[in-house]
Amino acid sequence: MSQVIIILIVANVLVSLKGFSDAAFFDRYKFQVQRILGGEKIRMLTSGFLHVDWLHLGFNMYALYLFGELAMRNFSVINFVLIYVASLLAGSMYSLYQHKRELYYSAVGASGAVSGVMFSAILLYPDKTYSFIFFPFIEFPAYVLGIGYLLYSIYGMKNQVGNIGHSAHLGGAIGGYLITLVLRPSVITNHTIMVGIMALIILGLFFFGDKLKLNK
């Protein structure tokens with residue numbers, strides 16, 4: 001495993017462990033709309049290293065391991081970290097946009113960053129197959145896992161599942177998609193159809209994403 005991926009996983013585990021055992025720490029650094037609008041912008045970054053429990057943390061780190069190794073083949077360490085951090089922040093900004101009127105909305109998770117890495121890898125290798133952890137004997141193309149991840153995110157947004165930043169999944173995917181095209185424009189000619197399909201999905205989410213949430 002690449003050293004930079006190990007470092008990111010360790011950082012997520014250590015910060016999450018602190019949050020598991022220290023409620024004040026968790027509350028101080030989680031994504032919370034009212035606090036962010038009040039000037040605590042650091043939460044848009046720190047919330048991406050906190051998780052609600054071991055399952056949440058494990059799923060995100062497993063996805064980072066799967067897709068991060070693939071993306072790393074095409075980028076320098078600096079560019080890979082750029083994709084990770086930019087996707088994390090894109091996820092936070094999309095969440096803030098989606099929930100700006102819900103002052104007490106809060107969420108945590110590396111989902112935005114991981115989504116960005118995932119979609120970067122999918123753009124680069126759309127036909128790469130994976131054996132998913134819950135279906136170890138069945139191989140799925142990378143784009144199928146990506147679509148499934150987005151569908152779960154959309155479900156989570158509609159039903160406000162848990163304290164997890166589901167809208168950050170979508171924002172992070174958009175960030176990873178865009179920055180990958182900037183860093184590797186050859187993807188457009190190599191995988192034109194895939195790039196076009198994702199562009200349509202992203203435009204749909206941008207213009208109609210606010211319709212995904214249920215009024216409760």
Original post:
Mind listing the Cα extents of the range 85-126 along all three principal axes, in Å, largest one first?
Top reply: 39, 16, 15
Subject >> Accessible area of ASP27 in the full protein assembly, 1.4 Å probe (Å², nearest 10) >> reply: 80 Å²
Original post:
DSSP loop trypsin sites (Lys or Arg not before Pro) in the range 83-133 with at most 15 other Cβ atoms within 10 Å of their Cβ, which ones?
Top reply: LYS100, ARG101
**OP:** Can you bin the range 22-98 into rounded, prolate or oblate? Criterion: square roots of the alpha carbon gyration tensor eigenvalues sorted a ≥ b ≥ c, rounded for a/c under 1.5, prolate for a/b above b/c, oblate for the rest.
**Re:** oblate
Original post:
Does anything in the range 91-123 have its amide N under 18 Å from the 7 Å Cα→Cβ label point of ILE7, and if so which residues?
Top reply: 113-114, 117
Subject >> Stretch gain in nm, segment SER21-VAL144, where the contour uses 0.36 nm per residue and the Cα spacing is subtracted >> reply: 40.7 nm
**OP:** Just the number, please: carbon plus sulfur as a percent of the accessible area of the range 34-140, 1.4 Å probe, no ligands or DNA/RNA counted.
**Re:** 67 percent
Subject >> D (Stokes-Einstein, µm²/s), Kirkwood Cα radius, the range 1-150, 0.692 mPa s at 37 °C >> reply: 206 µm²/s
Original post:
What accessible surface, in Å², does a 1.4 Å probe find on VAL77, ignoring ligands, DNA and RNA and rounding to the nearest 10?
Top reply: 80 Å²
Subject >> Solvent-accessible surface ranking, highest first, for THR180, THR46, THR189, THR129 at 1.4 angstrom >> reply: THR189, THR129, THR46, THR180
Subject >> Theoretical gain in end-to-end length, THR129 to LEU45 [0.36 nm per residue, Cα-Cα removed] >> reply: 27.1 nm
**OP:** Could you please put ARG184, ARG43, ARG28 in sequence from largest to smallest accessible area, using a 1.4 Å probe?
**Re:** ARG28, ARG184, ARG43
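The values are calculated or read from the model by the stated rules, or taken from the named source; none is laboratory data. All values derive from a computational prediction rather than experimental measurement. Note that we place each Cβ from the backbone using ideal geometry, even for glycine, and neighbour counts take in every protein chain shown. To get the accessible areas, we keep the full protein, side chains included, count just its heavy atoms, and leave off ligands, DNA and RNA. Shrake-Rupley method; radii C 1.70, N 1.55, O 1.52, S 1.80 Å.
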